[in-house]
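The values are calculated or read from the model by the stated rules, or taken from the named source; none is laboratory data. Here the structure is a predicted model, which is why all the values come from computation and not from measurement. Methodologically, a virtual Cβ is constructed for each residue, glycine included, from the backbone with ideal geometry; neighbour enumeration extends over all protein chains shown. Just so you know, the surface numbers come from the protein's heavy atoms only, side chains and all, with ligands and any DNA or RNA stripped out. Shrake-Rupley method; radii C 1.70, N 1.55, O 1.52, S 1.80 Å.
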Amino acid sequence: MEDKIELNSIKSYSNVHSNNENKNERRSMSLPFLIKLLLVCDDPQVESATQELLLPVKNLDLIIEKKVTFITEDFQVAVVVYTGDELQTISNLEKISNAGINILIVGDNLPQKLLRKSIQLSIKDIVPLSTAEVELVPAISEVASQLKTEVNLAPVVSIINGKGGSGASFIASSVGQIISNHSKDELVMIDADLQHGTLADSLNLQPDYYLDDALADIKELDATAIQSMMSKKENLSLLPVKAYSQINRLAHIDQNKISQLFSKVRANFKLLIADLSRGIDSLSIPILESSEHIMVVVQQNISSIREAKALVEQLHNIMGIAPEKISIIVNRYSTKFSTITPDDIKNTVGVESVFTISNDYQLASACTDLGKSIDELSEFKQLEKEFLIIAQQINASNIDILPKTKSLWSRLTGKS
Ligand SMILES: Nc1ncnc2c1ncn2[C@@H]1O[C@H](COP(=O)(O)OP(=O)(O)OP(=O)(O)O)[C@@H](O)[C@H]1O
Ligand SMILES: [Mg+2]
């Protein structure tokens, strides 16, 4: 009963606070994956105004040129500003179009010849200079969304906890292994723990290639390299961070490099699951921003629920993450030891979807210490069922989760 009174006070206190904070915060736009954008503009004033508009956009790598001579880099989008020089603008458009880059034009009163050329070159959009402040970023975002469907990037699922030790790594590794065991598709797990990740142990892998190495090789990294460098257990690959990276090389993470790496990794797998059990930091921010599902792990006690609520508010109010992307997993759930229900937690934290994972010390220890997956430990059917429900929810129809059928040989011998 006392717990319930405490939950209500958490709910009303933070509603007042988040309303006050909202007034002062401007959410910055984030593109669905890293877009390298070429801005071509010969007017210094328009150039700096456009730059000011684009700089806060996350996942945008901006290169500025006065005019186009050669295209030597891999741009996905170009914004060409028309400031009066029709011939030069047409020449810029032709060179960019020949390089297969999506083009947006910014400018007022475009001459007839330039308009015709734009149609011939299948320009994506023309944004008037007078309304560019409001319309340019959404126009770029629209092109980025179209590109995302063309390149078929794997959805990202992040498992994060408000409070340390809530079970995020155990859940991440169990969900990853369950999906891997029930599917033939390739999936990848990222252990983003900058202190000391545990996924390699729980997956029983000995990695010798780390996220730190991948970032150093980012330019040369192609599809084959990405798949072959990572340690692997059947169709499940792992990219961990080196232990104590926070005080070593990853202390000053280049967010653009991270986004670039994630786009490359996502283009080569069907699903990416990230263990973000250390909360929000410089590495987890770009992962959270590109996540389709964010699962916040919470336990059935007041301090865990309070921290989960604060985390969800940060994700929503500061990072601008849509509430429907966020779910709660109540871990170590038990009706014996607490009167707090999943519905109480859902209402207090302010999240619509909630899952439960039962408390099972024996199983969790066996998985963590022996590197076994839940369905290898066949006596734990209840937890397997609970993890399968989560797996179905997050698979985003990308992965076929097949019912696991035993082979004829296993049925004869009784071995799994
Ligand atoms: N459902 C569960 N039942 C019993 N024990 C559990 C359960 N889930 C996790 N544990 C245990 O709780 C401990 C912490 O789990 P885990 O390391 O996954 O938490 P975490 O949120 O990733 O922590 P950290 O903040 O250190 O990264 C582990 O010993 C794990 O075996
Ligand atoms: Mg962890």
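Values for this structure:
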{"item": "Matching residues, segment 337-369, being within 16 Å of ligand 2 (Cβ to nearest atom) and touching a strand residue (DSSP E or B) at 6+ places or on another chain (Cβ under 9 Å)", "result": "ILE357, ALA364"}
{"item": "Test: residue in segment 179-191 that is assigned by TED's automatic domain parsing to the domain that holds GLY371, within 16 Å of ligand 2 (Cβ to nearest atom) and small (Gly, Ala, Ser)", "result": "no"}
{"item": "Residue within segment 214-232 that is away from ligand 1 (no atom under 16 Å from the Cβ), open to solvent by 60 Å² or more (accessible area, probe 1.4 Å) and assigned to a strand (DSSP E or B) present", "result": "yes"}
{"item": "When residues of segment 243-284 are limited to those that are open to solvent by 60 Å² or more (accessible area, probe 1.4 Å) and within 16 Å of ligand 1 (Cβ to nearest atom), the one modelled with the lowest pLDDT", "result": "GLN246"}
{"item": "Contacts under 7 angstrom Cβ, first residue in segment 150-176 being over 16 Å from GLY197 (Cβ atoms), partner assigned to a loop (DSSP other than H, G, I, E, B), 6 or more apart", "result": "ALA154/PHE269; ALA154/LYS270; ALA154/ASN398; PRO155/ALA396; PRO155/ASN398; VAL156/SER290"}
{"item": "Residues (without any contact (Cβ under 8 Å) to a residue 40 or more places away in the chain and either open to solvent by 40 Å² or more (accessible area, probe 1.4 Å) or farther than 14 Å from LYS117 by Cα (or both)) located in segment 75-93", "result": "PHE75, GLY84, GLU86, LEU87"}
{"item": "Selection from segment 320-337 of residues that are more than 16 Å from VAL354 (Cβ to Cβ) and without any contact (Cβ under 8 Å) to a residue 40 or more places away in the chain", "result": "ILE321, ALA322, LYS336, PHE337"}
{"item": "Residues that are of a type in the set (S, T, N, Q), under 20 Å from THR356 (Cα atoms) and out of contact with any Phe, Trp or Tyr (no Cβ under 8 Å at 6 or more places or on another chain), drawn from segment 295-319", "result": "GLN299, ASN301, SER303, SER304"}
{"item": "Filtered residues of segment 197-213 (kept if under 19 Å from the mean Cα position of the chain (by Cα) and buried (at least 19 other Cβ atoms within 10 Å of the Cβ))", "result": "GLY197, LEU199, TYR210, LEU211"}
{"item": "Qualifying positions in segment 34-59 - open to solvent by less than 20 Å² (accessible area, probe 1.4 Å), under 25 Å from THR149 (Cβ atoms) and either at pLDDT 95 or above or not in a loop (DSSP other than H, G, I, E, B) (or both)", "result": "LEU34, ILE35, LEU37, LEU38, LEU39, LEU54, ASN59"}
{"item": "Residue match in segment 378-390 (condition: within 16 Å of ligand 2 (Cβ to nearest atom) and open to solvent by 40 Å² or more (accessible area, probe 1.4 Å))", "result": "no"}
{"item": "Selected residue (criterion: farthest from ILE394 (Cα to Cα)) from residues of segment 311-347 that are in a loop (DSSP other than H, G, I, E, B) and open to solvent by less than 60 Å² (accessible area, probe 1.4 Å)", "result": "SER338"}
{"item": "Residue in segment 210-219 that is over 18 Å from PHE387 (Cα atoms), away from ligand 2 (no atom under 16 Å from the Cβ) and at pLDDT below 80 present", "result": "yes"}
{"item": "Residues of segment 339-362 satisfying the condition of being over 26 Å from HIS293 (Cα atoms) and in contact (Cβ under 8 Å) with a residue 12 or more places away in the chain", "result": "THR339"}
{"item": "Residues within segment 197-213 that are part of a helix (DSSP H, G or I) and either without any contact (Cβ under 8 Å) to a residue 60 or more places away in the chain or away from ligand 1 (no atom under 16 Å from the Cβ) (or both), tallied", "result": "4"}
